[in-house]
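Let me begin by presenting the structure, written as structure tokens, before commenting on it.
The values are calculated or read from the model by the stated rules, or taken from the named source; none is laboratory data. Quick caveat: nothing in here was measured; it's all calculated off a predicted structure. Backbone-built Cβ (ideal geometry, glycine too); neighbour counts: all protein chains shown. Surface accessibility is based on the protein's heavy atoms, side chains included, excluding ligands, DNA and RNA. Shrake-Rupley method; radii C 1.70, N 1.55, O 1.52, S 1.80 Å.
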Amino acid sequence: MFFEKEVKEYLLNPEKMPKHIAIIMDGNGRWAKKRALPRKAGHKAGAEALENIISDANDLGIQHLTVYAFSTENWKRSEEEVGAIMDLLRQYLKSHFKKFLKNNVRLDVIGDVTRLDADIQEQILEITELSKEKTGLAVHIALNYGGRDELRRAVTKIAQAAAEGKLHPSDITEETISMALDTAAAPDPELVIRTSGEERISNFLLWQIAYSEFYFSDVLWPDFDKKELQKAIYYYQNRDRRFGGR
Ligand code: IPE
Ligand code: IPE
Ligand code: MG
């Protein structure tokens, strides 16, 4: 595109930075396939890309970054692949955590962690506790996350409160639902990015994306870097968000 060539640097307006960016990190398998490597090598490269994007988002002053790492549907993959992803997750949490703390990054997990191995659940608890006071970028890692499952769990919580007489059904507002979701601590994402050329939501943040802007990139996740992130934000900043008004 002629326009793209003209924009050598994606100059961003600091006043129009999204507070919350959500990313569907897709394309690890294809990245590996292109190099005749096992899928697991793609996931490893994807984990490295995430490490860099976390620093970049922190440098850019983004407040919340939610990343889709493992969906409720991803259990359908081979045992070998699921095992490799879980091993990478263990290593990832262990090796990068100190650096994140040093950089004032807060780590948080969304999704139903109860289905993860006990040692991973412990690691998550420890990390969440140790980083809860951090005031820089909040990274929300979606693990065994599905938008429908999250809504189901939220409805269960609300129904429970109603059954106990703590809440009247007619007092249930949109806010009640938002606050019962795993993302209660974050504003809705202004920008959702999906890499690898796929243009679908795959059960990610169904409630929260009501008015998000979407940015689809053909770049495979392991190749997604700071420049690509800036490009996505640049396009976001140049969109006209109307929220139903005129
Ligand atoms: C995204 O990459 C990572 C996970 C879903 C865990 P994929 O593994 O889906 O990569 P492709 O889509 O097969 O290329
Ligand atoms: C979405 O990617 C889930 C994650 C990135 C973790 P998938 O690769 O699982 O999605 P589909 O199957 O292409 O919709
Ligand atoms: Mg995929």
Look through segment 163-205, keep the residues that are without any contact (Cβ under 8 Å) to a residue 12 or more places away in the chain and assigned to a loop (DSSP other than H, G, I, E, B), and return whichever of them is nearest to ligand 1 (Cβ to nearest atom).
Arg200
Per the filter on segment 2-47, residues modelled with pLDDT of 95 or more, away from ligand 1 (no atom under 16 Å from the Cβ) and either on the phi > 0 side of the Ramachandran plot or of a type in the set (Val, Ile, Thr) (or both) are Ile21
Say we look at segment 113-134 and pick out the residues that are of a type outside the set (A, V, I, L, M) and touching a Leu at 6+ places or on another chain (Cβ under 8 Å); which of these is farthest from Met86 (Cα to Cα)?
Lys134
Against the conditions (1) more than 11 Å from ligand 1 (Cβ to nearest atom); (2) not in a helix (DSSP H, G or I), where does Ala69 fall short? Just the number, please.
(1)
Against the conditions (1) more than 18 Å from Ala69 (Cβ to Cβ); (2) at pLDDT 95 or above; (3) not in a loop (DSSP other than H, G, I, E, B), where does Leu130 fall short? Just the number, please.
(2)
Among the numbered conditions (1) among the aliphatic types (A, V, I, L, M); (2) surrounded by fewer than 18 Cβ atoms within 10 Å (Cβ to Cβ); (3) touching a residue at least 12 places away in the same chain (Cβ under 8 Å), tell me where Val109 comes up short.
(2)
Only residues in segment 7-33 that are small (Gly, Ala, Ser) count as the first member; pair them with residues that are open to solvent by less than 20 Å² (accessible area, probe 1.4 Å) and away from ligand 3 (no atom under 16 Å from the Cβ), Cβ under 8 angstrom, at least 6 apart or cross-chain, and list the lot.
Ala22/Leu65; Ala22/Thr66; Ala22/Pro189; Ala22/Leu191; Ala22/Leu205; Ala22/Gln208; Ala22/Ser212
Test each condition in (1) hydrophobic (A, V, I, L, M, F, W, C); (2) assigned to a helix (DSSP H, G or I); (3) farther than 15 Å from Gly46 by Cβ for Ala84 and report the one that comes out false.
(3)
Out of the residues in segment 14-61 that are acidic (Asp, Glu) and open to solvent by less than 40 Å² (accessible area, probe 1.4 Å), which is nearest to ligand 3 (Cβ to nearest atom)?
Asp26
